[in-house]
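Asker: Could you have a look at this structure, given as structure tokens, before my questions?
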Amino acid sequence: MTGAHRLSPLRAEAARVTQTPLRDLVADDPDRARDLVLRVGPMHASFARQRYDRAALDTLFRLGESFDFDGRLQALFEGELVNVTERRPALHTALRSDLVDSQVARVSHGMAREAREAMRAVVDAIVASGVTDVVSVGIGGSDLGPRLAVDALTRAGDARIRVHFLSNVDGHAAHRVLAGLDPSRTAALLISKTFGTQETLLNGGVLRGWLGDDSRVYAITANIARAAEFGIPETRILPMWDWVGGRYSMWSAVGLPIAIAIGMDGFEALLDGAAEMDAHVLREPVRRNLAAWHALTAVWNRNALDLASQAVLPYDERLRLLPNYLQQLVMESLGKSVHIDGSPVEVDTVPVWWGGPGTDTQHSFFQALHQGTSTVPCDFVGVIRADAPYRDNHDALLSNLLAQSEAFANGQDSDDPHRQYPGGRPNTMLLLDALTPRALGALIAMYEHSVYLQSVVWGVNAFDQFGVELGKQIANTLLPAVRGETEADDAVTRALIEEIGRQR
Ligand code: F6P
């Protein structure tokens, strides 16, 4: 397990490195702009503006080696029970790659291939049916990945079928999504690994009632019995499996909304991009491994520099949902404070991940990033070649992206304290050649592997999420109280329910 002592060499390095301003670290080592970079397929990453020097980076790499990153990745891909608390493998890689020779990974890969054939048939059937709109009902991992990919990859005015997403239990969400849709030309996808999620079952019921006809309702689930109980025949159920975590599931039939929006070939290109990243991450040693480098940088910022939040700033309107997606991927995976064996983690784990698209966010929270008292490391994500016709806009976008990265790192002196920029804000630059399905697949897979490797360092299980259960349980017990049938036990809740009752 990760005793604080294993990370103490990082703190010693940090004490030394932080004596030197980041701009001087870069100026003193002009080659780092070209050396602290990696290219993997359609993606270029620069770590030149992180707040470490080569000696500290070497310590970080040795840390990754000492945690046996290579072996832990091999274990993940081979289908070892890395989700120890639930005694399951986490074989999302088998949904897109066939890189290892273990029985369980091969079988899983075969199941995933078969499911893709079924997906293709559903996509064809939906297209042939003359449906114009599809409503995808799901939440968390059954929503955020498809929502991001559909938003990112659907070209303006080019949607074969419009895909809408409904996640929130708030009835206003359903009301808004359904307004303007024609029930006779709409199909519904109910996506839920467990088929027991309150939001999805309630919204599924709303959709079914609104459609008035069950024949265009499909389910994607690992719980076929519950979906059948809900009234969906097996012929319209696509599989999920307990060996894929919800937040790692967009590569499975959970990605059906993506396949409907951009076509099955586009969906498979997304998988190919992820597979390319898988091959890189599995085969390259720590020092040339993008996910390892990204993960170790996260550990450096959290545990050596004590930075408690992390921003992700996509400079592309089509990636505006990337921060939302990463919030679940990273914080549900790493928001833990006990080791796999139940003992307490002695160091800080996940920072708060947040963000939003540039350039909009330059005019909202960037002031705090430039001059606030907290240093927030940033992942910038840019796209080199645009698909929109407005060249001047893209030039402006790229110049803003580059400028902000430079300003955060270098800052600027001034005699006037109000106009001083301290700099020293570390950031990583991730550039995609173009926003293709392949590039998006590679980007997301990189983050997945980085998260896993961070969990290895912190000794936590990246694949369970017991923290979300308590609130759900209490909500279930409070439902009758909200309806006025019972009284809440908790005095504060009881008073609030009384107030709600008075104003209703
Ligand atoms: O928020 C908890 C959670 O279990 C997530 O991990 C999951 O992605 C989401 O709920 C939805 O779960 P399901 O796919 O079972 O409806």
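The values are calculated or read from the model by the stated rules, or taken from the named source; none is laboratory data. As the structure is a computational prediction, the values presented were derived from the model and not from experiment. Because the Cβ atoms are built from the backbone with ideal geometry, glycine has one as well, and the counts that use them run over all protein chains shown. Side chains included, ligands, DNA and RNA excluded: accessible areas come from the protein's heavy atoms. Shrake-Rupley method; radii C 1.70, N 1.55, O 1.52, S 1.80 Å.
Asker: By how many nm would the segment from residue 68 to residue 492 lengthen if fully extended, with 0.36 nm per residue of separation less the alpha-carbon distance?
Answerer: Between residue 68 and residue 492, full extension yields 147.8 nm more.
Asker: State, to one decimal in nm, how far the label point of residue 341 lies from the label point of residue 85, with both points 7 Å from Cα in the Cβ direction.
Answerer: 1.7
Asker: For segment 272-337 and segment 75-144, what is the centre-to-centre distance using only Cα atoms, to the nearest Å?
Answerer: 21
Asker: Please list the non-local residues whose amide H lies under 5 Å from the amide H of residue 83, H modeled 1.01 Å from N, same-chain partners needing a gap of 5 or more.
Answerer: HN-HN under 5 Å from residue 83: 88, 90.
Asker: Please give, to one decimal in nm, the separation of the simple spin-label points placed at residue 229 and residue 503, each 7 Å out from Cα toward the Cβ.
Answerer: Going from the residue 229 label point to the residue 503 one covers 3.7 nm.
Asker: Using modelled amide H (1.01 Å from N, peptide plane; none on Pro or chain starts), what sits under 5 Å from the amide H of residue 352, excluding residues fewer than 5 places away?
Answerer: 309, 310
Asker: Fully extended, how many nm does the chain gain between residue 158 and residue 396 (0.36 nm per residue separation, minus their Cα-Cα distance)?
Answerer: Fully extending the segment from residue 158 to residue 396 adds 83.2 nm.
Asker: Add +1 for every Lys or Arg and -1 for every Asp or Glu among the other residues with Cβ under 10 Å from the Cβ of residue 29, and state the total.
Answerer: On the way: positive: 32, 54; negative: 24, 28, 31, 35, 53.
Result for the local shell: -3.
Asker: What does the helix-only formula give at 222 nm for the chain: each DSSP H stretch with n ≥ 4 adding -39500 (n - 2.57), the total divided by the residues, and the result rounded to the nearest 500 deg cm²/dmol?
Answerer: -14000 deg cm²/dmol
Asker: Next question. Just by accessible area at a 1.4 angstrom probe, what is the order of 347, 286 from largest to smallest?
Answerer: On the way: 347 30, 286 5 Å².
Ranking 347, 286 by accessible area, largest first, yields 347, 286.
Asker: Calculate, in nm to one decimal, what residue 403 and residue 363 gain on full extension: separation in residues at 0.36 nm each, minus their alpha carbon distance.
Answerer: Result for the pair: 13.0 nm of gain on full extension.
Asker: Roughly how many debye, to the nearest 20, is the charge dipole of the chain about its Cα centre, given +1 on each Lys and Arg Cβ, -1 on each Asp and Glu Cβ, and no other charges?
Answerer: 360
Asker: Of all beta bridges DSSP finds with both residues in the chain, what is the antiparallel percent, to the nearest 5? Show your work: numbers first, answer last.
Answerer: Values: 11 of 44 bridges.
Roughly 25 percent of the beta bridges in the chain run antiparallel, per DSSP.
Asker: How large is the translational diffusion coefficient of the chain in µm² per second when you combine the Kirkwood radius over alpha carbon pairs with Stokes-Einstein at 4 °C and 1.567 mPa s?
Answerer: This corresponds to a translational diffusion coefficient of 54 µm²/s.
Asker: Using only Cα atoms, locate the centre of segment 457-482 and the centre of segment 239-269, then give the distance between them in Å, rounded to an integer.
Answerer: Cα centroid of segment 457-482 versus Cα centroid of segment 239-269: 25 Å apart.
Asker: Of all accessible surface on the chain at a 1.4 Å probe, what whole percent is carbon and sulfur?
Answerer: Roughly 50 percent of what the probe reaches on the chain is carbon or sulfur.
Asker: So for each of 382-395, 93-106, 254-267, 232-245 I average, over its residues, the number of other beta carbons within 10 Å; can you give me the resulting order with the highest mean first? List each step's numbers first, then the result.
Answerer: Numbers: 382-395: 13.3, 93-106: 20.1, 254-267: 23.5, 232-245: 18.4.
Result, highest mean first: 254-267, 93-106, 232-245, 382-395.
Asker: Could you run the Karplus curve 6.51 cos²θ - 1.76 cosθ + 1.60 with θ = phi - 60° over segment 295-309 and give me ³J(HN,Hα) per residue in whole Hz, x for Gly and Pro?
Answerer: 5, 5, 5, 4, 5, 4, 5, 7, 9, 9, 9, 6, 8, 9, 9
Asker: Using a probe radius of 1.4 Å on heavy atoms only, what accessible surface per residue do you get for segment 92-268? Whole Å² is fine.
Answerer: Details: 7040 Å² over 177 residues.
Result: 40 Å² of accessible area for each residue.
Asker: Here's another thing I want to ask about it. Which whole-Hz ³J(HN,Hα) couplings does segment 48-57 yield from phi under the Karplus relation 6.51 cos²θ - 1.76 cosθ + 1.60, θ = phi - 60°, glycine and proline marked x?
Answerer: The phi angles translate into 5, 9, 7, 8, 9, 10, 5, 5, 5, 5 Hz.
Asker: In terms of modelled amide H atoms, which long-range or inter-chain residues lie less than 5 Å from the amide H of residue 136?
Answerer: Those lying under 5 Å, H to H, from residue 136 are 164, 165, 166, 189.
Asker: In whole Hz and in residue order, list the ³J(HN,Hα) couplings for segment 332-339 that follow from phi through the Karplus curve 6.51 cos²θ - 1.76 cosθ + 1.60, θ = phi - 60°; x for Gly and Pro.
Answerer: Couplings: 6, 7, 10, x, 10, 10, 10, 5 Hz.
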